[in-house]
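Following: one structure in structure tokens, then a few remarks.
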Amino acid sequence: MDIILIGDSGHARVITDNLVSSGHQVIAKLDAKYSELTKEDGCWFGPISEVHALIQKEGAKVIVAIGANAVRKKIVEQLGLSDEQYAIAVHREAIVSPSAVLGRGTVVMPGAVVNAEAQIGSHAIINSRAVVEHDCAVGNYVHISPGATVAGVAAIGEGALVEVGASVIPAKHVGEWSVVRAGSAVLEDVEAFTTVVGVPAQVVAKKASKIESAN
């Protein structure tokens, strides 16, 4: 499958490796840093505004290769593409249960595990060696960072960020656009728009209704 990436930075490079591992080809990288469309070594580079023309020209699918959750959502909304125009990228060294469901635009990185009956939303990132256990519900635009673990039947709300090495114990809920800082252990539910840290995780910041971008 031919893929157009929105974004051309470190996260896009990781997704490129992911796609190549599964036999796909990145035929374009579109980013705000480019002012005009050029082609180099068979790959197009240009502004994001070129995406619709390239989809029509190349018949490719799209992945928004931006690590920040809020920025990724904003770009998806601005593009206005249908779900069918987005690809799903699963690294060949990831393990995804046949009964798990992955939303469009979602990427699963090397060594990650998505177990039985897990539901992953659209445009989510299940990063390297992250684990999403059985019957979990992971919302749209979520990022489960490298080495993080979401235990069985847990729920992660839209746009939430579970940072490197953090864990969420079974059946707990992390609210939308919340942040679980690196190495933390969520032993109780986390409200929406809340940042928690520590073992056990404690609230250190709270925003009433404002989306917090992932870093």
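The values are calculated or read from the model by the stated rules, or taken from the named source; none is laboratory data. These figures come from a predicted structure and were not determined experimentally. FYI the Cβ positions are ideal-geometry reconstructions off the backbone, even for glycines, and counts take in every protein chain you see. To get the accessible areas, we keep the full protein, side chains included, count just its heavy atoms, and leave off ligands, DNA and RNA. Shrake-Rupley method; radii C 1.70, N 1.55, O 1.52, S 1.80 Å.
Computed quantities for the displayed model
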quantity	calculated
Enumeration of residues in the stretch 130-146 that are touching a Ser or Thr at 6+ places or on another chain (Cβ under 7 Å) and either in a strand (DSSP E or B) or surrounded by 21 or more Cβ atoms within 10 Å (Cβ to Cβ) (or both)	A130, V131, N140
Some residue of the stretch 176-194 being open to solvent by 30 Å² or more (accessible area, probe 1.4 Å) and not in a loop (DSSP other than H, G, I, E, B)	no
Among (1) without any contact (Cβ under 8 Å) to a residue 60 or more places away in the chain; (2) open to solvent by 60 Å² or more (accessible area, probe 1.4 Å); (3) within 20 Å of the chain's Cα centre (by Cα) - the single one V62 does not satisfy	(2)
Residue identified as in a strand (DSSP E or B), over 22 Å from Y141 (Cβ atoms) and not aliphatic (A, V, I, L, M) among K39, K29	K39
Filter result (among the basic types (K, R) and either open to solvent by less than 60 Å² (accessible area, probe 1.4 Å) or in contact (Cβ under 8 Å) with a residue 40 or more places away in the chain (or both)) within the stretch 17-55	K29
Qualifying residue in the stretch 12-28 (condition: among the hydrophobic types (A, V, I, L, M, F, W, C), within 21 Å of E163 (Cα to Cα) and in contact with a Ser or Thr (Cβ under 6 Å, 6 or more places away or on another chain))	no
Residues located in the stretch 76-100, provided they are surrounded by fewer than 20 Cβ atoms within 10 Å (Cβ to Cβ) and either in contact with a Pro (Cβ under 7 Å, 6 or more places away or on another chain) or outside any loop (DSSP other than H, G, I, E, B) (or both)	E77, Q78, L79, D83, E84, Q85, E93, I95
Matching residues, the stretch 113-129, being buried (at least 21 other Cβ atoms within 10 Å of the Cβ) and without any contact (Cβ under 8 Å) to a residue 24 or more places away in the chain	V114, A118, I120, A124, N127
Residues of the stretch 153-163 classified as more than 16 Å from the chain's Cα centre (by Cα) and open to solvent by 10 Å² or more (accessible area, probe 1.4 Å), total	1
Conditions (1) at pLDDT 95 or above; (2) farther than 24 Å from H11 by Cα; (3) open to solvent by less than 50 Å² (accessible area, probe 1.4 Å); number of the one not met by A166	(2)
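A quick yes/no check of all residues on (1) touching a Lys or Arg at 6+ places or on another chain (Cβ under 8 Å); (2) of a type in the set (S, T, Y); (3) within 18 Å of G67 (Cα to Cα):
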| position | (1), (2), (3) |
| --- | --- |
| A112 | yes, no, yes |
| S122 | yes, yes, yes |
| R129 | no, no, yes |
| H134 | no, no, no |
| S145 | no, yes, yes |
| V180 | no, no, yes |
